[in-house]
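The values are calculated or read from the model by the stated rules, or taken from the named source; none is laboratory data. These numbers were taken from a predicted model, which means no experiment stands behind them. So basically every Cβ, Gly included, is an ideal-geometry build from the backbone, and we count neighbours across all protein chains shown.
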Amino acid sequence: MRVPRMIAVALAGVAVLGPVAACSSNEPAAGGSPQAAPSASETPTPEPPPTHPFTGLPGAARRPVLAAKIENTSAGKPQLGLRSADIVYVEQVEAGLTRLMAIFSSKLPPKIGPVRSARISDLHILPQFGKPALAYSGVQTKMIPRVQEASLVDVSDSRAPGAYYREPGRYAPYNLFATTKQLLAKAPGASKAKDIGFTFGDAPEGGVDRKAFTVKYPAARFTFAWSQQAGRWLVWQDGKKDMAAEGGQLGAPTIVVQYAKTERSEYHDLNQSYTPLVHSVGKGRAVVLRDGKAFKATWSRKTEEDGTVFSTEAGEPMNFAPGQVWVVLAAPKPVIP
């Protein structure tokens with residue numbers, strides 16, 4: 001497993017020497033000769049504090065991984081729980097729209113939603129987490145056997161109905177929410193967080209100053225605008241601030257735009273609109289936004305069980321800024337819905 005360079009080392013890892021003992025170190029010990037003072041070279045080197053593999057933030061705990069499919073159209077906003085996610089994936093779905101898959105482990109919000117249906121691309125992304133719990137509200141009938149064979153613990157509304165409820169003031173299907181503790185109670189075998197290829201630390205040399213970066217889908221548009229005050233890239237969707245149900249605008253210290261081959265799958269919705277399939281295994285180019293700069297990068301993932309490795313153009317690890325990470329899966333060219 002690769003050991004990333006951590007920003008926190010310089011802040012939290014230095015040992016503080018205590019006061020000098022009252023008796024002289026040259027005093028002979030009982031029945032012995034004078035003792036020499038320990039040299040500075042004998043002082044043990046402090047170990048870096050443990051950090052979480054999904055966020056790079058301090059924390060040794062490795063809790064179970066919960067993935068949740070979250071609605072991402074105006075009808076389902078504001079979403080609840082996204083601010084607590086470690087990773088947020090943006091995926092293209094039918095009709096050129098997008099849906100989110102939020103990954104929770106280091107923090108667990110009490111409730112999440114609106115929870116929506118899963119897609120075929122999810123089943124290819126999730127194996128790098130081992131066997132995570134997946135919260136969703138159904139799939140296309142043709143996809144049911146694929147879900148049953150997938151590397152996940154099914155905690156959908158049909159498998160864990162007691163964990164779900166209808167949120168007052170919203171209308172179906174955008175009012176289905178879930179209680180996270182009840183979801184994980186139904187997934188005792190869910191995998192715990194592990195290395196998925198991310199590295200965190202100092203930014204590499206170079207990069208281009210950017211105030212904003214836009215990613216377009218056939219029927220959706222994201223703009224990530226850097227806020228020096230907040231220390232995050234704030235999220236705008238379709239020209240509007242993307243607000244959280246808990247309050248405040250959604251955003252993250254690191255936004256990864258991962259360009260991946262996207263094509264029509266064998267699945268489609270009731271309106272005969274085809275479901276896109278995002279090829280998250282392989283390699284390609286990426287743009288990493290952090291610290292008010294855009295960095296050209298590459299990504300590679302050997303198999304579905306492997307994590308996704310991001311590198312600079314020079315082949316060095318592309319470090320992310322500690323904190324939440326958004327992975328925006330974008331087609332090199334728009335896919336016809």
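Every listed requirement among (1) in contact with a Pro (Cβ under 9 Å, 6 or more places away or on another chain); (2) under 20 Å from E71 (Cα atoms); (3) crowded, with 17+ Cβ neighbours inside 10 Å; (4) not polar (S, T, N, Q) is met by V235 save one, (1). When L270, L329 are checked against the criterion of being of a type outside the set (S, T, N, Q), assigned to a loop (DSSP other than H, G, I, E, B) and either out of contact with any strand residue (DSSP E or B) (no Cβ under 7 Å at 6 or more places or on another chain) or surrounded by 22 or more Cβ atoms within 10 Å (Cβ to Cβ) (or both), L270 stands alone in meeting it. Does R99 fit the bill of being part of a loop (DSSP other than H, G, I, E, B) and charged (D, E, K, R)? In short, no. When the test is whether a residue is closer than 21 Å to V281 by Cβ and either touching a helix residue (DSSP H, G or I) at 6+ places or on another chain (Cβ under 6 Å) or at pLDDT below 95 (or both), S151 passes it. Here is the figure for segment 102-118: residues that are assigned to a loop (DSSP other than H, G, I, E, B), in contact with a helix residue (DSSP H, G or I) (Cβ under 8 Å, 6 or more places away or on another chain) and either more than 23 Å from T51 (Cβ to Cβ) or of a type in the set (D, E) (or both) total 4. Here is the figure for segment 171-196: residues that are in contact with a Leu (Cβ under 7 Å, 6 or more places away or on another chain) and among the aromatic types (F, W, Y) total 1.
A quick yes/no check of all residues on (1) more than 20 Å from K216 (Cβ to Cβ); (2) modelled with pLDDT of 95 or more; (3) hydrophobic (A, V, I, L, M, F, W, C); (4) surrounded by fewer than 18 Cβ atoms within 10 Å (Cβ to Cβ):
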position: T43; (1), (2), (3), (4): yes, no, no, yes
position: L66; (1), (2), (3), (4): yes, yes, yes, no
position: G81; (1), (2), (3), (4): yes, yes, no, no
position: T98; (1), (2), (3), (4): no, yes, no, no
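Restricting attention to segment 282-306, the residues being outside any strand (DSSP E or B) and buried (at least 19 other Cβ atoms within 10 Å of the Cβ) number 0.
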